Amino acid sequence: MSNKTVRISLRVTPELWKLMEQIIQKQGHRSVNEFVQACIRAYIDETGDIIGSRRHFSRSMAARMDRLEALLLWHSLQTQVVASSGMFTLMDEIAPEDAENEPPTPDVQIGHANQLSRRLLPQFLKAQASCVQDLEVYVRKQKRRKATG
């Protein structure tokens, strides 16, 4: 903050002056000037329309947090959709048609899982890329919405 100050003059009614003196003594302000500065600062901080006030900062921070929370939730849901669709696809592929007759040995299961992972990995990556693209579209829309209004 700057050390330079601006001098102002203030006129108050005798009743208001008595109230001010009582508050100054009760709250331990060193001077009337200090008290008036504290009152002005409190008023500015409580006025939300003024950029730089605490209320304005709180509102803008809350709006940013809400947007980030929505993006995080959306991304989390997309990730869950991709993971669950991949899991069900993998479960369909792993279950052999003759599973009711005789379960495969662990070596056969591992070999089958390796083959499936090589075949299904491109599908998983494609689904993941699609989610990222959807997220980018969402972010662009949010930026446009913020710019317009």
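The values are calculated or read from the model by the stated rules, or taken from the named source; none is laboratory data. These numbers come from a predicted model, not from an experiment. Quick reminder, even Gly has a Cβ in these numbers, built from the backbone with ideal geometry, and neighbours come from all protein chains shown.
For the range 116-141, the set of residues classified as charged (D, E, K, R) and surrounded by 13 or more Cβ atoms within 10 Å (Cβ to Cβ) consists of 134 only.
Per-residue answers, yes or no, for (1) outside the structural domain of residue 129 (by TED's automatic domain parsing); (2) of a type in the set (A, V, I, L, M); (3) over 30 Å from residue 124 (Cα atoms); (4) modelled with pLDDT under 80:
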position	(1), (2), (3), (4)
3	yes, no, yes, yes
20	yes, yes, yes, no
37	yes, no, yes, no
54	yes, no, yes, yes
83	no, yes, no, yes
95	no, yes, no, yes
101	no, no, yes, yes
107	no, no, no, yes
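Remark: pairs (first residue in the range 132-149, assigned by TED's automatic domain parsing to the domain that holds residue 71; second residue hydrophobic (A, V, I, L, M, F, W, C) and outside any loop (DSSP other than H, G, I, E, B); Cβ separation under 8 Å; 6+ apart in sequence or on different chains) = 135/71; 135/74; 138/71; 138/74; 139/71; 142/71.
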